[in-house]
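Asks: So that we are looking at the same thing, I have put the structure below in structure tokens.
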Amino acid sequence: EPTVRTELMEQIPPIAIFLQENRPKFPTAFFEYLMPIVVRYLTDVNNQVRKAGQEALLILLEQDLVAQSDIENKVCPILLDLSAPDSDDEYKVEAVNIICKMASMLSRTTVEHMLLPRFCELCSDGKLFQVRKICAANFGDICNAVGQEATERLLIPKFFELCSDSVWGMRKACAECFMAVSYTTSPEVRRSKLSPLFISLISDTCRWVRQAAFQSLGPFISTFANPSSAGLYIQEDGTLSIQQSTQDVNSNSCQPSNNKMLKSSCTNA
């Protein structure tokens, strides 16, 4: 019964945490028994079971409970198979979604060598706009996961493609994550490549794209600032933050609130 398998998946994370806390007593139980179940259920015929398996996997990765060898030898190969060009449409959409979500939880080397090539292929998927939409919406997270060199060499060309996609929702998603992409690149790339690209979005024929671009204008401009002098920093969650300089804090030492980090409401997921 699918409901039984779904319920089982929901119990996997707490069991895994228990086994981790009692690892001397159960040194191999998780890797021998539970991890194979999670991997198998990623390809289950039932949608709800697969969804539960994906959620369980993300929790396990977030809690750092999955060994690097299992990630590279068991999880990534399954996701690459599910996101292959000839894969079933529903499986492909789910696979690209899970790839994007787990990228921030894996090592840069694993993401760059195992998942990045497939992500670049999926950005150009001509069959399913849903796949391209997921790639566009998570583009900033992927850039952050692989760093500046891989972003400029492999991802920026794909970002240009998505920013000129015929589906306006794709261009809107690109506008919304523009700050995160810009922050990962060098100042020269921001000036010479991303600035003209942003102008094209802010002049887009679709008003929803233009509106998203105008909302991202301030955060995009902030990526040109020198953090040491401007006090603008990007948090790990993509939040634009302002930190007062030491001189300002000292001059207002009677106000404790000045020592706190102030988060801007202008954020782009």
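Listed here are the residues, each with its yes/no results for (1) modelled with pLDDT of 95 or more; (2) over 20 Å from ARG132 (Cβ atoms); (3) surrounded by 13 or more Cβ atoms within 10 Å (Cβ to Cβ).
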position: CYS174; (1), (2), (3): yes, no, yes
position: CYS177; (1), (2), (3): no, no, yes
position: CYS206; (1), (2), (3): yes, no, yes
position: VAL209; (1), (2), (3): yes, no, yes
position: LEU217; (1), (2), (3): no, yes, yes
position: SER229; (1), (2), (3): no, yes, no
position: THR239; (1), (2), (3): no, yes, yes
position: GLN244; (1), (2), (3): no, yes, yes
position: THR267; (1), (2), (3): no, yes, yes
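Asks: Just the residues that are among the hydrophobic types (A, V, I, L, M, F, W, C), open to solvent by less than 60 Å² (accessible area, probe 1.4 Å) and at pLDDT 95 or above, please, taken from region 155-169. Break it down stepwise before answering.
Replies: Residues of region 155-169 among the hydrophobic types (A, V, I, L, M, F, W, C): 155-156, 159-160, 162-163, 167-168.
Still in the running and open to solvent by less than 60 Å² (accessible area, probe 1.4 Å): 155-156, 159, 162-163, 167.
LEU155, ILE156, PHE159, LEU162, CYS163 - these are the residues of region 155-169 that are among the hydrophobic types (A, V, I, L, M, F, W, C), open to solvent by less than 60 Å² (accessible area, probe 1.4 Å) and at pLDDT 95 or above.
Asks: Answer yes or no as to whether GLU1 is closer than 22 Å to HIS113 by Cβ and either of a type in the set (Phe, Trp, Tyr) or at pLDDT 90 or above (or both).
Replies: Details: closer than 22 Å to HIS113 by Cβ: no; either of a type in the set (Phe, Trp, Tyr) or at pLDDT 90 or above (or both): yes.
No: the conditions fail for GLU1.
Asks: Can you give me the number of residues within region 13-34 that are touching a residue at least 24 places away in the same chain (Cβ under 8 Å) and in contact with a helix residue (DSSP H, G or I) (Cβ under 6 Å, 6 or more places away or on another chain)? Even if it seems obvious, please write down each step before you answer.
Replies: We begin by selecting, within region 13-34, every residue touching a residue at least 24 places away in the same chain (Cβ under 8 Å); these are 13, 16-17, 20, 30-31.
Subset that is in contact with a helix residue (DSSP H, G or I) (Cβ under 6 Å, 6 or more places away or on another chain): 13, 16, 30.
Adding up the residues that qualify gives 3.
Asks: Has region 17-25 got at least one residue that is over 25 Å from the mean Cα position of the chain (by Cα) and among the β-branched types (Val, Ile, Thr)?
Replies: no
Conditions tested, residue by residue: (1) closer than 23 Å to CYS206 by Cβ; (2) under 17 Å from the mean Cα position of the chain (by Cα); (3) not in a helix (DSSP H, G or I).
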{"position": "LEU116", "(1), (2), (3)": "no, yes, no"}
{"position": "GLY126", "(1), (2), (3)": "yes, no, yes"}
{"position": "ILE134", "(1), (2), (3)": "yes, yes, no"}
{"position": "LEU162", "(1), (2), (3)": "yes, yes, no"}
{"position": "CYS174", "(1), (2), (3)": "yes, yes, no"}
{"position": "ALA180", "(1), (2), (3)": "yes, yes, no"}
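Asks: Is region 93-114 home to any residue that is open to solvent by 70 Å² or more (accessible area, probe 1.4 Å), more than 27 Å from THR184 (Cβ to Cβ) and in a helix (DSSP H, G or I)?
Replies: Among the residues of region 93-114, not one is open to solvent by 70 Å² or more (accessible area, probe 1.4 Å), more than 27 Å from THR184 (Cβ to Cβ) and in a helix (DSSP H, G or I), which makes the answer no.
Asks: Tell me which residues, restricted to region 38-73, are open to solvent by less than 40 Å² (accessible area, probe 1.4 Å) and among the basic types (Lys, Arg). Before the answer, list the steps.
Replies: Start the filter on region 38-73 by keeping residues that are open to solvent by less than 40 Å² (accessible area, probe 1.4 Å), which leaves 38-39, 41-42, 44, 49-50, 52-54, 56-58, 60-61, 65-67, 70-71.
Result: ARG50, single match.
Asks: Just for region 47-75: of the residues that are among the small types (Gly, Ala, Ser) and assigned to a helix (DSSP H, G or I), which one is farthest from ASN97 (Cα to Cα)? Walk me through it before giving the result.
Replies: Step one: list which residues in region 47-75 are among the small types (Gly, Ala, Ser), which gives 52-53, 56, 67, 69.
When the remaining residues are screened for being assigned to a helix (DSSP H, G or I), the result is 52-53, 56, 69.
Details: ALA52: 14, GLY53: 13, ALA56: 14, SER69: 22 Å.
Only one residue fits best here, namely SER69.
Asks: Which residues, taken from region 179-204, are open to solvent by 10 Å² or more (accessible area, probe 1.4 Å) and hydroxyl-bearing (Ser, Thr, Tyr)?
Replies: Of everything in region 179-204, those that are open to solvent by 10 Å² or more (accessible area, probe 1.4 Å) and hydroxyl-bearing (Ser, Thr, Tyr) turn out to be TYR183, THR184, SER186, SER192, SER195, SER200, SER203.
Asks: Let me ask something else about it. Among the listed residues PHE129, PHE224, identify the single one that is open to solvent by 20 Å² or more (accessible area, probe 1.4 Å), closer than 24 Å to ALA84 by Cβ, at pLDDT below 95 and of a type in the set (A, V, I, L, M, F, W, C).
Replies: Being open to solvent by 20 Å² or more (accessible area, probe 1.4 Å), closer than 24 Å to ALA84 by Cβ, at pLDDT below 95 and of a type in the set (A, V, I, L, M, F, W, C) holds for just one of PHE129, PHE224, which is PHE129.
Asks: Condition check: touching a residue at least 24 places away in the same chain (Cβ under 8 Å), over 21 Å from LEU82 (Cα atoms), open to solvent by 60 Å² or more (accessible area, probe 1.4 Å) and out of contact with any Asp or Glu (no Cβ under 6 Å at 6 or more places or on another chain). Does GLU10 satisfy that?
Replies: Details: touching a residue at least 24 places away in the same chain (Cβ under 8 Å): yes; over 21 Å from LEU82 (Cα atoms): yes; open to solvent by 60 Å² or more (accessible area, probe 1.4 Å): yes; out of contact with any Asp or Glu (no Cβ under 6 Å at 6 or more places or on another chain): yes.
Yes, satisfied.
The values are calculated or read from the model by the stated rules, or taken from the named source; none is laboratory data. Since this is a predicted model, take the numbers as computed values, not measurements. Cβ: placed from backbone, ideal geometry, glycine included. Neighbour counts: every protein chain shown. With ligands, DNA and RNA removed, areas are computed over all heavy atoms of the protein, side chains included. Shrake-Rupley method; radii C 1.70, N 1.55, O 1.52, S 1.80 Å.
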